[in-house]
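The values are calculated or read from the model by the stated rules, or taken from the named source; none is laboratory data. Since the structure is predicted, the reported quantities are computational estimates derived from the model, not experimental observations. Every residue, glycine among them, receives a Cβ derived from its backbone with ideal geometry; neighbour counts consider all protein chains shown.
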Amino acid sequence: MTCRLAVNLLSLVPGDVGGAEEYAVRTLTAYGRHGPSDLRPVVYLSQAALDAHPDLGRAFDVEVHPGDGRSRPRRILAESTWLARRTTGMAVHHFGGRIPARTSRPVAVTVHDLQPLDEPLNFSLIKRRYLGWALPRSVRRADLVVAVSDQVGRRIVDRLGTDPSRVVVVPIGVGAVATSPAEPSDPPTILYPAVTHPHKNHLMLVEAFTRLADHHPTARLVLTGGSGTAEADVADAIAASRHGDRITRTGRISSTDLAARLATAIVVAFPSTYEGFGIPVLEAMAAGVPVLVADGTPAADLVSDGGVDRDAVLAPHDPQVWADRLGRVLDDRAQRTDLALWGLTAATDHTWEASAAALERAWRRLLAGPDDGQPAGPDTGPRG
């Protein structure tokens, strides 16, 4: 049986799209290993993306665009010309959160979050206006909308008025799960991996750490992740802290370096107030590292689903609450062990293989068409 399904990865710019890149590559790679033989899509991507992720070329038939995808106008043009010509008559799944002006149908789009609508100041004026128009338009045009978490799915329904039957969830996963809690190294290090956008809440965490450090003279805070629109403000806050010499701002680091830092951290603090999912939280849980998160995000749902008491989910804007809770984690090995064990239990339910299985269900729905009589079930639609 020939499968007439195309996957558009032209938006995948290696090293530039963060969690969206990992989600696409890991889900598709797992699908390549475990997916059925009768449903093998053709993947369309840039030469740069294929060079960075050769496993995609081994798992699927691919068609390669010669550009590197870094020019957004050229990429948008390529999607409406080069891609549109090659996918005529095929179902198309666009992983980049946007449906091009010209596309074959039926069509699906993956949405990681509604940040351009909910947090528009994180974007330049041009990007804000473009995405503020393109994202809702794409959701309206899609026969199937793929959300990366239940909360994003609900947000799509509530904010954009989307029919819940057109929304499915293909969740983010994680690789290997540790068998026991991690052993932190000295000095005790609090890790926060996040781009410095305002909603990532670095300023609150720097203040919380400053208060904590008054009573924990060996504690360290490490901030990894790329530079965002609040980078200068974060640098100023570190410089103004009376314990700024114990705060390290690394910038973007490789996944290997991040895994090494994660393995030695005593706790991951994740105070972000807006997330589509929060991959670093799941990665920390899978590594056996205790995690503290801000309330009101999918990361909080993830921690709570693991059975962790609500002391791991904190008010997002109260530095004293964070300082006190971090202090208890640093001081109490039993608490750290409990948090880590709960995290390990939760992480086992979030594998990339499970994500691949959800992707298969979504693709079969897309290919069956809107009249297949299959409502969005509890395993595919956003849970309310």
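Applying the set (1) closer than 18 Å to LEU366 by Cα; (2) surrounded by fewer than 17 Cβ atoms within 10 Å (Cβ to Cβ); (3) at pLDDT 95 or above to ALA91 leaves exactly one unmet item: (2). Among the candidates LEU205, LEU191, LEU221, the residue that is among the hydrophobic types (A, V, I, L, M, F, W, C), out of contact with any Gly (no Cβ under 8 Å at 6 or more places or on another chain), assigned to a helix (DSSP H, G or I) and closer than 16 Å to PRO290 by Cβ is uniquely LEU205. Taken over the stretch 266-294, residues that are surrounded by fewer than 22 Cβ atoms within 10 Å (Cβ to Cβ) and more than 15 Å from the chain's Cα centre (by Cα) amount to 0.
Select from the stretch 131-155 the residues that are among the hydrophobic types (A, V, I, L, M, F, W, C) and in contact with a Phe, Trp or Tyr (Cβ under 6 Å, 6 or more places away or on another chain) and list them in ascending order. Explain how you work it out, then say what you get.
Here is the first cut: in the stretch 131-155, the residues among the hydrophobic types (A, V, I, L, M, F, W, C) are 131, 133-135, 139, 142, 144-148, 152.
Answer for the stretch 131-155, where residues must be among the hydrophobic types (A, V, I, L, M, F, W, C) and in contact with a Phe, Trp or Tyr (Cβ under 6 Å, 6 or more places away or on another chain): just VAL148.
Among the residues of the stretch 153-161, is there at least one that is crowded, with 18+ Cβ neighbours inside 10 Å, of a type in the set (Lys, Arg), outside any loop (DSSP other than H, G, I, E, B) and not assigned by TED's automatic domain parsing to the domain that holds LEU121? No, every residue in the stretch 153-161 fails to be crowded, with 18+ Cβ neighbours inside 10 Å, of a type in the set (Lys, Arg), outside any loop (DSSP other than H, G, I, E, B) and not assigned by TED's automatic domain parsing to the domain that holds LEU121. The sole residue among HIS202, HIS197 that is within 15 Å of TYR274 (Cβ to Cβ), modelled with pLDDT of 95 or more and not small (Gly, Ala, Ser) is HIS202. Give the residue that is surrounded by the most Cβ atoms within 10 Å (Cβ to Cβ), with candidates limited to residues of the stretch 339-369 that are of a type in the set (D, E, K, R) and closer than 19 Å to ASN8 by Cα. It comes out as ARG365.
Residues checked against (1) surrounded by 20 or more Cβ atoms within 10 Å (Cβ to Cβ); (2) out of contact with any strand residue (DSSP E or B) (no Cβ under 8 Å at 6 or more places or on another chain); (3) closer than 19 Å to MET204 by Cα:
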site	(1), (2), (3)
ILE247	yes, no, yes
THR264	no, no, no
GLY296	no, yes, yes
ALA299	yes, no, yes
LEU330	yes, no, yes
